[in-house]
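S.K.: What follows is a single structure, and I will ask about it in a moment.
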Amino acid sequence: MDKKEKILFVDDNESLLSALQYSFESDEFEVLTARSGDNALSILAKIQDCHVIVADYRMPVMDGITFFTHIKKDWPTVIRILMSGHKDADVVVPSIRSGVVDKYFSKPVDHYALHDSIKKLSQIKSAKELPPQKIY
């Protein structure tokens, strides 16, 4: 069996974290959760490998974009998905354009759509990591 891809969900809403963990834990994914950006950074420092991080924008102490700015610097290959229950287009759009965030979802998050986006972003990431193919 292939190694499970790690997904880290970061949100201060414990009920949402539980629902996401229930929806995504499978043979395909190992799900990790954190209640804050600081907690997530501590987890990442220990495990060192994570495929996808899905984080809320509005969290105490460190917002999602600040958190993803740290992630992009220290773990640039991680897929970064931001979610928010508020209309935050004035901050979200620039963060996507600058490459800090790969994808945005508004809450409530459709778990099926999130799963599909993770699969598509993973395929794109995998294609970028392939060495150039020789043409015969």
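S.K.: Looking at (1) within 12 Å of the chain's Cα centre (by Cα); (2) of a type in the set (Val, Ile, Thr); (3) surrounded by fewer than 17 Cβ atoms within 10 Å (Cβ to Cβ), which is the only condition residue 47 fails?
M.R.: (1)
S.K.: Give me the pairs, please: first residue somewhere in the range 84-95 and free of Cβ contacts under 8 Å to residues at least 60 places away in the same chain, second residue anywhere and part of a helix (DSSP H, G or I) and acidic (Asp, Glu), beta-carbon distance under 9 Å, and either six or more positions apart or on two chains.
M.R.: none
S.K.: The conditions are (1) without any contact (Cβ under 8 Å) to a residue 60 or more places away in the chain; (2) farther than 21 Å from residue 86 by Cβ; (3) out of contact with any helix residue (DSSP H, G or I) (no Cβ under 6 Å at 6 or more places or on another chain); (4) not aromatic (Phe, Trp, Tyr), and residue 31 fails exactly one of them. Which is it?
M.R.: (3)
S.K.: Just to be sure, is residue 117 in contact with a Phe, Trp or Tyr (Cβ under 8 Å, 6 or more places away or on another chain), within 17 Å of residue 50 (Cα to Cα) and part of a helix (DSSP H, G or I)?
M.R.: Judged against the criteria, residue 117 is a match.
S.K.: Return the total of residues in the range 1-15 being surrounded by 15 or more Cβ atoms within 10 Å (Cβ to Cβ), aliphatic (A, V, I, L, M) and in contact with an Asp or Glu (Cβ under 8 Å, 6 or more places away or on another chain).
M.R.: The qualifying residues number 2.
S.K.: Within the range 4-38, can you find the residues that are in contact with a Ser or Thr (Cβ under 9 Å, 6 or more places away or on another chain) and either charged (D, E, K, R) or part of a helix (DSSP H, G or I) (or both)?
M.R.: Result: 4, 5, 11, 12, 14, 17, 18, 20, 21, 37.
S.K.: OK, next. Cβ-Cβ below 9 Å, separation at least six or inter-chain, first residue in the range 41-70 and assigned to a helix (DSSP H, G or I), second of a type in the set (Lys, Arg) and surrounded by fewer than 18 Cβ atoms within 10 Å (Cβ to Cβ): which pairs?
M.R.: From residues that are assigned to a helix (DSSP H, G or I), the pairs are 64/58.
S.K.: Quickly run through the range 72-83 and pick out the residues that are over 10 Å from the mean Cα position of the chain (by Cα) and either buried (at least 20 other Cβ atoms within 10 Å of the Cβ) or not hydrophobic (A, V, I, L, M, F, W, C) (or both).
M.R.: 72, 73, 74, 76, 77
Quick note: the coordinates plus some simple rules give every number you see, no bench work behind them. Everything quoted here is computed from the prediction, not taken from an experiment. No Cβ is skipped: glycine too gets one built from the backbone with ideal geometry, and neighbour counts run over all protein chains shown.
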